[in-house]
Amino acid sequence: DVKVTQSSRYLVKRTGEKVFLECVQDMDHENMFWYRQDPGLGLRLIYFSYDVKMKEKGDIPEGYSVSREKKERFSLILESASTNQTSMYLCASSATGVGYNEQFFGPGTRLTVL
Amino acid sequence: ILNVEQSPQSLHVQEGDSTNFTCSFPSSNFYALHWYRWETAKSPEALFVMTLNGDEKKKGRISATLNTKEGYSYLYIKGSQPEDSATYLCAYDSGTYKYIFGTGTRLKVLA
């Protein structure tokens, strides 16, 4: 059974803290994505990676960075958490050149920044 | 700015009712349209990948149609059941690995 896992389901942090959200996929996918979901808005792309150590900014990268040292793992980093980064964060992965770019999602991390 | 719209935003139906919702997307540079079902506390689950104009796909009581010329897709649920309660997302795919998601339709099926 293919799987994308995220390190935490719920996370509470304080303003100014450095926050790491981890995502691991077991499908040997080349592409990995970080999204955030806010009420009334569609999933918005923060960053994606198409290969180890490669990354590209999505639509809302400000305040975030990412790390992909291994193919199966993609980390989202909030350098200094702020209250407007309270959100649901979803990780996804997809294979290059297979099917129609179907993305497989993790269960999400609900982050609250106080 | 490319926009994907879904309607309605939410709806409540009685068990046994049939329902449908709409996804509108740009008709240019179309590659695929993805439908996902997202149940509370679970991962979004892929339902359909729609690629050709006139496509119709079916999975159990759920089906979808696609019109790429006018830029819309319909999702139908026949005889809704409480377990169909979820948010249904569509995502426009122009073939660049990046999706543009709609805001979703939140369905609640009342027993």
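Values as computed for the structure displayed
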item: Calculated over the protein assembly as shown: convex hull of Cα atoms, volume per residue (Å³); result: 122 Å³
item: Region A:1-105 - convex hull of alpha carbons, volume per residue in Å³; result: 106 Å³
item: Equivalent-ellipsoid semi-axes of chain B, from the Cα gyration tensor, Å, largest first; result: 24, 14, 12
item: Cα pair distances in region B:1-46, grouped into 5 Å bins until the bin that holds the longest one, percent each; result: 5, 13, 19, 24, 22, 10, 5, 2
item: Other protein chain Cβ atoms within 10 Å, averaged over every residue that makes up A:56-64; result: 1
item: Within the protein assembly as shown: Cβ-based charge dipole about Cα centre, in debye rounded to nearest 20 (Lys, Arg +1; Asp, Glu -1); result: 360 debye
item: Residue among B:Thr40, B:Thr19, B:Thr96 with the largest mean-square fluctuation in a Gaussian network model of chain B, springs linking Cα atoms under 10 Å; result: B:Thr96
item: Stretch gain in nm, segment A:Arg73-A:Glu102, where the contour uses 0.36 nm per residue and the Cα spacing is subtracted; result: 8.6 nm
item: Low-density loop cleavage sites - GluC sites (Glu not before Pro) in region B:1-77, where at most 13 other Cβ are within 10 Å (DSSP); result: B:Glu15, B:Glu39, B:Glu70
item: Cα→Cβ-extended label distance, 7 Å offset, between A:Val12 and B:Leu11, nm; result: 3.8 nm
item: Loop sites in region B:32-76: trypsin sites (Lys or Arg not before Pro), DSSP, at most 12 other Cβ within 10 Å; result: B:Lys42, B:Lys69
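Any read-out appearing in this document is the output of simple, stated calculations on the displayed coordinates, not a laboratory observation. On a predicted model such as this, the values are computed, not experimentally measured, just so you know. Note: ideal-geometry Cβ built from the backbone for every residue, glycine included; neighbour counts use all protein chains shown.
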